[in-house]
Amino acid sequence: MAEIVDLSIEDELKAQVRAVAAGGGQIEIIGGGSKRFYGETIEALPIDVSAHSGVVDYDPAELVITLRAGCGLADVQSLLAGQRQMFGFEPPLFGAESTIGGMVAAGIAGPRRAFAGGIRDFVLGVKMLDGRGQVLNFGGRVIKNVAGFDLARVMVGSQGTLGVILEVSIRVVPIPEAETTLDFEHKSAGEHIRWINGLGSHPWPISASQWAAGQSRLRLSGSEQGLREASSQLGGEQIDYAWDDLREQRLEFFDPDQPLTRITLPPAHADLPIDLPQLIEWGGALRWFSGAGNIADMRAGLEGAGASVCAYRGHDAGVGVFHPLPEPMLRLHRSLKSSFDPAGIFNPGKIYPGL
């Protein structure tokens, strides 16, 4: 299906951006606001892009959908489900108002991430509005600039600091024929990490994993016959489990009154000596800690381990939400920022100071 694009809202956004840039102001880009908590708190003129909505093009046979950024994520998922398709990276909504633009800008993927890929792996093209009020298109499967960047995918996780996402083309995947969850007992996080990484030497149809409070859970996705054979060989107890509650952080572990720390690191890394309740996803690559912890000590302790420690939610102001970047990488980020947003008007300081 396809829709004729109404440029009136796009033109209005261009006019707003040009006016703010000319006046020396700054802009906070807002869609549904469901992921506004993620990143540093900023003060700037809010510009609501949620009205820029609609399906631009969708041919289920091509496994690609092109959407305006204001499209509701839940509505799009329903549209895809009607064709037995879905987003392979299983994005969380965190609220009924979640939008496609916010999904891409935040870059947060769900439990399937480690086994299917992240949002960046599925984005094929982006139409955006830069800090000069110019509309830029980066699309196709191999469109890159002279520096070697896939610019469409650079927008994933950029937190609105590079520009306003207007449209995005995303590869979709078929919904699996069947899914089942297996439950195992592993008393310690270290035991779970060794076990789940040992499974990687076999072609099991694993699409999600979780460990918390002594229980390991695996989700298997595939054909009915394949799941029966895998379940028989893996063992464990077949249970009903709402993986949506993990994706949407509705489990009791994700107590909204407690600070939440998110650590990503190589999946086979040993258990972390952090005395807080822990939940592990992504085959050991994603580790959540609930409660107040010393973020600086965590970052120092994992120096050189390839880890990223994010003060994800509820921590004291000034701690720095995102893991500090090495100076060469910070220079690269500054170069990208100055190219797309030379006056620094978009979501200033949302990720790091000056970005």
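Here Ala22 and Leu325 are evaluated by their C-beta separation; at R0 = 35 Å the FRET efficiency comes out at 0.65. Full extension of the chain between Thr41 and Leu136 gives 31.5 nm of extra length, using 0.36 nm per residue less the Cα-Cα distance. On the principal axes of its alpha-carbon atoms, the range 8-125 has extents of 47, 31, 24 Å, going from largest to smallest.
The relative contact order of the chain, computed from alpha carbon pairs under 8 Å that lie at least 6 residues apart in sequence, is 19 percent. Based on the reciprocal of the average 1/r between different C-alpha atoms, the Kirkwood radius for the chain equals 21.5 Å.
A Förster radius of 56 Å combined with the Cβ-Cβ distance from Ser188 to Ala61 puts the calculated FRET efficiency at roughly 0.70.
Sequence-distant contacts, meaning Cα pairs under 8 Å at least 6 residues apart, place the relative contact order of the range 178-313 at 28 percent.
Counting only residues at least eight positions apart within a chain, or on another chain, the lysines with an alpha carbon under 30 Å from that of Lys350 are Lys14, Lys35, Lys127, Lys144, Lys337. Subtracting the Cα-Cα distance of Asp255 and Ser223 from 0.36 nm times their residue separation leaves 8.0 nm of extension gain.
Sequence-distant contacts, meaning Cα pairs under 8 Å at least 6 residues apart, place the relative contact order of the range 105-262 at 23 percent. For a straight C-alpha distance cut-off of 25 angstrom, no lysines are reachable from Lys187 once same-chain residues fewer than eight places away are disregarded.
Calculate for the chain the 222 nm mean residue ellipticity that helices alone would give, adding -39,500 (n - 2.57) per DSSP H run of length 4 or more and normalising by residue count, nearest 500 deg cm²/dmol.
Per the formula, -7000 deg cm²/dmol.
Modelled spin labels at Ser201 and Gln215, positioned 7 Å past Cα toward Cβ, are 2.9 nm from each other. Given +1 at the Cβ of Lys and Arg, -1 at the Cβ of Asp and Glu and no other charges, the dipole of the range 178-313 around its Cα centre is 380 debye to the nearest 20.
Label-to-label distance for Asp240 and Arg84 is 2.5 nm, based on points extended 7 Å past Cα in the beta-carbon direction. Here the dipole of the chain is about 1060 debye; that uses its Cα centre as origin and unit charges on the Cβ of Lys and Arg (positive) and Asp and Glu (negative). A crude spin-label estimate for the pair Ala15 and Arg313, with each label 7 Å from Cα along the Cβ direction, gives 3.8 nm. For the range 58-125, the square roots of the Cα gyration tensor eigenvalues, ordered a ≥ b ≥ c, give a/c below 1.5, which places it in the rounded category. Rg/Rh for the range 178-313 (Cα atoms only, Rh after Kirkwood) is 0.99.
Every read-out reported here was derived from the displayed coordinates using simple, explicitly stated rules and does not represent laboratory data. The model shown is predicted, which means the values in this text are computed figures rather than measured ones. A quick note on method: Cβ atoms are made from the backbone with ideal geometry, for glycine too, and the neighbour counts reach across all protein chains shown.
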